[in-house]
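Structure record follows, encoded as structure tokens.
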Amino acid sequence: MPGPVLDGGTSADVGILHEHLWTGATVITAVRTVASAAVAAWGAVEGSLTLLVVALGIYWVGDILDGTWARLRRCETRIGAVLDIFSDRFNAGAFYVGLAWLQPDLAPAIFTYLAEFMVVDTFLSLAFLAWPIRSPNYFYVVDRTIWRWNWSKPAKAVNSALFAVLLLATGWMWVGLVIALCLLALKCWSMARLLRIGLPVPGPVPTHVG
């Protein structure tokens, strides 16, 4: 099944620019990834929930900063988007595994959330590579509904922050589990819609004789 026709997908606003690995944004991504993971490891060793929360804060602030830098300095790249996606998973995993280590009663909710975020959401987030857009933030040119529920600003805030904030604020495993299951259902629905749309099939790889 052919993929959808992009609405402006190759315009200057959403199309692919020159690809460079080391930009200001990817440097910020690298720094916040290492810093957040180091603090999370320190928190796990010390048994400190405060340090784990600091690690989560470094991850969130750094994630906002690298994206803002990339947009303002017009250095968004597909390489940077992929690096950001995997770095997010690493930082989230470091925090949540540390939290499960300190508070094992929260483990059912935590590992349900990690299954949603590190497996289903990763697949969805990397699907943008099938189209000529720079990151999932521009997925509205492919399907506005999927974008609205996954990568619009309200959706990203809910998807990344709601679970952690309520779990930390209440300490109730069942609250976290319900939120994680709702997010998992949303991501599975988004994946099903994506598969109905169909990812475009690339053309044959050109061969060169000589």
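Which order do the peptides 63-69, 152-158 come out in when sorted by mean C-beta neighbours inside 10 angstrom, highest first?
In descending order of packing, they fall as 63-69, 152-158.
For the chain, take the longest principal axis of its alpha carbons; what is the angle in degrees between that and the long axis of helix 49-72, to the nearest 10 within 0 to 90?
20 degrees
Report ³J(HN,Hα) in whole Hz for each residue of region 178-189, in order, from the Karplus equation J = 6.51 cos²θ - 1.76 cosθ + 1.60 where θ = phi - 60°; Gly and Pro get x.
Running phi through 6.51 cos²θ - 1.76 cosθ + 1.60 with θ = phi - 60° gives 4, 5, 4, 5, 5, 5, 4, 4, 4, 5, 5, 5 Hz.
In nm, give the distance between the simple-model label positions of ILE79 and ALA107, each being 7 Å from the Cα along the Cα-to-Cβ direction.
My value for the distance between the label points is 4.1 nm.
At 222 nm, what helix-only mean residue ellipticity would the chain give, in deg cm²/dmol to the nearest 500, using -39500 (n - 2.57) for each DSSP H run of four or more? Please list the in-between numbers first.
Values: 9 runs with 132 residues, N = 210.
Helix contribution divided over all residues of the chain: -20500 deg cm²/dmol.
Can you tell me the dipole magnitude for the chain around its Cα centre, using point charges on the Cβ only (Lys, Arg +1; Asp, Glu -1), in Debye to the nearest 20?
With Lys and Arg at +1 and Asp and Glu at -1, about 420 debye.
Read the figures in this text as sums done on the coordinates, not as results from a lab. Note that this is a predicted model, so its numbers are computed, not measured. Neighbour counts run over all protein chains shown; Cβ positions are idealised from the backbone, glycine included.
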